[in-house]
């Protein structure tokens, strides 16, 4: 597997401000990667560096095998799609004209634009001016230009902000399709829980540094967060249930007919086996630590160490 | 090349949509028609060609107006796109930064050329229709071409400003400053210098050189003295004898005033962090 992206010791300073510090990441082809972090964590700067829009202060960057600020890198941008945060288009042109303009720049035929607009649900507005578009429609136009011409690499900066849930779903479907075609994609997002099911790798950034990177499961066990189990029990049987599970859960609390347990990840199966033998337990819900929690846990650890 | 043409085409299309082209053409046509008919009223018996008179008055109009229009088109072209965030997306495409400047320049020159030729052409056409006299049309065509060249020099200056400064407000202020400097202040300062100097150090060759350092003056000299018929009428005939500036040198100056700022803008944009 050749690396689609390889960053080694990359740093970017704007005057005294270090936007990105010593970032080293390697991403394989066909992976979907979530880049998560606060505003100002350096996500957008990292995108700009990988696109060759700014030069790194230190370190080396290879994107699709080329340094993005060289003419070779410029050529390889034919195969890169980018959706910037808060995408803006010229208001005077129609959606179709806008897309055709970008198609020309990507050396693609203008005839594929109409179908692509249809695909992102803008078919009815293709001939209307972008100035009349809603925020969600502009975002969809932005997505259309990013996936123009079958890119091998996609950079999506906060792609789902301002989209309603239905459109968001459609958006993830499209990303899933591209993933099946072997497209490498990097998404940054605030809405972490949405991303969980759709990513292979997570890169957590904080104040310009990579705090943690890896597969979600690996990060989950690294963070050592508890699995939470919620039980519904027949009224009056709290004591029995708690007795049956004694020693397995690291903490428990009960209110009304529900019991909340927290346990280490490795004890989860044992508890489930035990639960199935207790007839007074009516229902069970298990919550793995979410991406949000993992993210918070790493940031917390970082702040404590600092 | 296709990148440059695509960007130029987009500029032209936007110019049509936001009615820039229409407004400029109408403005130039209205002013040109007014000047032509007011200006030609008293010349019925002088014997100067109607067209020559028109060239004299239109080139004076051009010196004031075309630089302003060009700067208004150009000052926003780069820093405005950075401000709005549209440049970020555009440069993530396989487009070199000099191609961006070249494309915008090409599109804006086309807009200026269209507006000038249509606006001024209307008045020339009206004259020809009324008097049936089209002698001197070559001079008129030369005036049109040099007007577009003057506009293109100020377009290039506008991009230079737009690529250098951080925000649109500063670019707008600087563009107005450039207009004031080249169109109004430079000549006044030159005049003051001549009066004070009394011809001791500022001799004719020095003055000629100084005129080349202002695109508006190069244009003025080209149109008011370069063309014999017109020179007669504008009272510049005497000046023409002293002025050793061949039209070729003046045109070369205007071309340089376009090429150098354009190259400067491309170089500055190349280093700029988006």
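Bear in mind these aren't lab numbers, they're just calculated from the coordinates by the rules spelled out. Just so it is clear, the structure is predicted and the values come from calculations on it, not from any experiment. Cβ: placed from backbone, ideal geometry, glycine included. Neighbour counts: every protein chain shown.
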### Task
Using only Cα atoms, locate the centre of the range A:44-66 and the centre of the range B:174-216, then give the distance between them in Å, rounded to an integer.
48
### Query
Counting partner chain Cβ atoms within 10 Å of every residue's Cβ in A:88-94, what's the average?
6
### Query
Could you give the distance between the Cα centres of the range A:200-266 and the range A:1-30, to the whole Å?
33
### Task
Please report Rg over Rh for the protein assembly as shown, where both radii come from the alpha carbon positions and Rh follows the Kirkwood definition.
1.18
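When you look at the Cβ of every residue in B:12-19, what mean number of other chain Cβ atoms sits within 10 Å?
That works out to 3 on average.
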### Summary
The simple spin-label model distance between residue A:16 and residue A:292, using points 7 Å out along Cα→Cβ, in nm, is 3.6
### Task
Using only atoms on other chains, find how many Cβ atoms lie within 10 Å of each Cβ of peptide B:82-92 and report the average.
6
### Summary
In degrees, nearest 10, the alpha-carbon axis of helix A:291-305 is tilted away from the dominant principal axis of the alpha carbons of chain A by 90
#### Entry: Segment residue B:38-residue B:135, extension gain: residue separation times 0.36 nm, minus the distance between their alpha carbons
32.9 nm
#### Entry: Dimensions (Å) - chain B, Cα atoms, principal axes, largest first
63, 50, 30
### Task
Arrange B:135, B:60 by Cβ neighbour counts within 10 Å, fewest through most, would you?
B:135, B:60
### Query
If packing is taken as the mean number of other Cβ atoms within 10 Å per residue, what is the order of B:66-76, A:205-215, highest first?
B:66-76, A:205-215
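Ranked by Cβ crowding within 10 angstrom, fewest neighbours first, how are B:92, A:76 ordered?
Fewest to most other Cβ atoms nearby, the residues stand as A:76, B:92.
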### Summary
Pseudo-spin-label distance residue A:29 to residue B:30, built 7 Å along Cα→Cβ, given in nm, is 6.2
### Task
Count the DSSP beta bridges whose two residues both fall in the protein assembly as shown, then state the antiparallel fraction as a percent rounded to the nearest 5.
70
### Message
Under a crude label model (7 Å from the Cα following the beta-carbon direction), how far is residue B:210 from residue A:273 in nanometres?
### Response
10.1
## Note on the structure
Over all Cα pairs of the range A:145-203, the Kirkwood radius sets Rh, and Rg/Rh then becomes 0.92
#### Entry: Cα-based convex hull volume of the range A:12-68 per residue, rounded to whole Å³
86
### Task
Can you tell me the FRET efficiency between residue A:235 and residue A:161 if r is taken as the Cβ-Cβ distance and R0 is 45 Å, rounded to the nearest 0.05?
0.50
### Query
What FRET efficiency do you get for residue A:2 and residue B:185 if R0 is 56 Å and r is their Cβ-Cβ distance, rounded to the nearest 0.05?
0.35
### Summary
For the residue A:107, residue B:68 Cβ pair and Förster radius 30 Å, calculated FRET efficiency rounded to 0.05 is 0.20
### Query
In percent, what relative contact order does chain B have, based on Cα pairs under 8 Å that are 6 or more apart in sequence?
29
### With Cα atoms, 0 to 90° folded angle of helix B:97-131 axis to chain B main axis
30
### Message
Which residues among the range A:80-109 fall inside the zone where the amide N is under 20 Å from a point 7 Å beyond the Cα of residue A:150, along Cα→Cβ?
### Response
A:80-82, A:100, A:102-109
### Query
How would you rank A:69, B:195, going from fewest to most other Cβ atoms within 10 Å of each one's own Cβ?
B:195, A:69
